[in-house]
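Values in this text are rule-based calculations from the coordinates and carry no lab data. Just so it is clear, the model here is predicted, and its values are computed rather than measured. Neighbour counts run over all protein chains shown; Cβ positions are idealised from the backbone, glycine included.
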């Protein structure tokens with residue numbers, strides 16, 4: 001529950017940054033969404049919060065300026081027993097990436113840094129986005145806590161084995 005509480009605090013903070021007004025449940029319009037009887041409420045909450053965070057992060061900086069932030073693109077597919085996530089991270093080193101995996105959420109954080117090979121330079125153009133990023137990826141089903149992650153040719157591939165059982169918390173993953 002501690003993770004969910006922190007996520008709700010994050011969502012309230014993002015709401016306040018986005019609107020410039022304090023969060024108040026009474027100010028929100030409409031009724032709460034009712035979920036189907038067999039829905040995974042925790043999974044649904046993770047999905048909605050991750051969706052909100054990704055939308056806000058891709059749209060603007062943390063200070064809500066008009067400067068877009070960099071958001072790495074993602075492909076996801078499944079095999080009979082695994083979920084595979086492939087994220088483009090050109091120009092990043094393994095040390096620049098922090099990967100955490102829970103049983104229903106993957107979080108990839110990092111920072112792309114402008115690294116000119118020469119010290120005495122004059123920048124003529126800088127069109128690629130640099131700086132920190134954070135991507136939350138809600139999972140459609142539970143996974144085992146032993147993912148495999150490989151960074152090759154600027155693409156991070158994360159292989160997650162499907163699981164029926166759950167485990168507590170998140171674990172930091174070493175990238176090969």
Inset, instruction - Mind giving me the nanometre distance, one decimal, between the label points for residue 162 and residue 126, set 7 Å out from Cα along Cα→Cβ? - result: 4.6 nm
Legend entry - Separation in nanometres of the label points that stand 7 Å from Cα toward Cβ, at residue 48 and residue 115: 4.1 nm
